[in-house]
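Notes to accompany the following structure.
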Amino acid sequence: MPPYLPALAGLVALLVAGAAEAAGKKEGSGESGGSAVAPIASGHAGPRELFIPTDQASDSIGNVAVTATMMAGAGAGKCRMNFIVNNYSTAAIAMGALASALNDKDEVTDNWVISIGSLAVGGQTTRLFSCALGAVQLRLVPTGEFGWPPLKCAKGEQEPESCPLGLSLKSNLPLVEKK
């Protein structure tokens, strides 16, 4: 399968969803449309781009980029959270992270697990989730078997292993830095 196919499928799904909302009432949902899907703006302070270098002493084998976009149509009661992961390293990668949306009281409004078993060199994958409105920040933490950054080198049928990878995060919501 061509590496661009998942991203293209995600884009088509977003365009179809936006067109359906712009066309009027969503059947059975009780919500009315009115405009295309657009990124949600947050006035909350904080970085929207972060780079987390490898925590290993050896030279980096490259970086993985994660772009997170929360979006909703005008008048919609829910939103969508889209994560696009690009592997710019020289090795296939695995990723295990828990992303959380936080409201203005630092309460979690949504959680999503981003689990990637293997993403080829130069590959891209997309994860699209539903979300509740009201988030003003995004936090990303590793799942149990991953460190920080939440990346490993994929080794086919074997368990992924630690390797020197950097992580670039970009979001339309301010990012909560790992403490």
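Side notes on the structure shown:
- Inter-label distance for A74 and A57, nm, one decimal - labels placed 7 Å from Cα along Cα-to-Cβ: 5.9 nm
- Residues in the stretch 154-163 carry Karplus couplings, in order, of 7, 10, x, 7, 7, 5, x, 10, 4, 7 Hz; the curve used is 6.51 cos²θ - 1.76 cosθ + 1.60 with θ = phi - 60°, and Gly or Pro positions show x.
- Distance between the 7 Å Cα→Cβ label points at A120 and E159: 2.7 nm.
- Between N172 and A68, M70, the built amide H atoms are under 5 Å apart, and every one of these is 5 or more places off in sequence or on another chain.
- Phi-derived couplings, Karplus 6.51 cos²θ - 1.76 cosθ + 1.60 at θ = phi - 60°, listed residue by residue for the stretch 141-151: 10, x, 6, x, 8, 10, x, 10, x, x, 10 Hz, with x used for Gly and Pro.
- Approximating the spin labels as points 7 Å out from Cα along Cα→Cβ, the L133-to-D104 distance works out to 1.4 nm.
We did not get these values from a lab; they are worked out from the coordinates using the rules stated. Since the structure is predicted, the reported quantities are computational estimates derived from the model, not experimental observations. Every residue, glycine among them, receives a Cβ derived from its backbone with ideal geometry; neighbour counts consider all protein chains shown.
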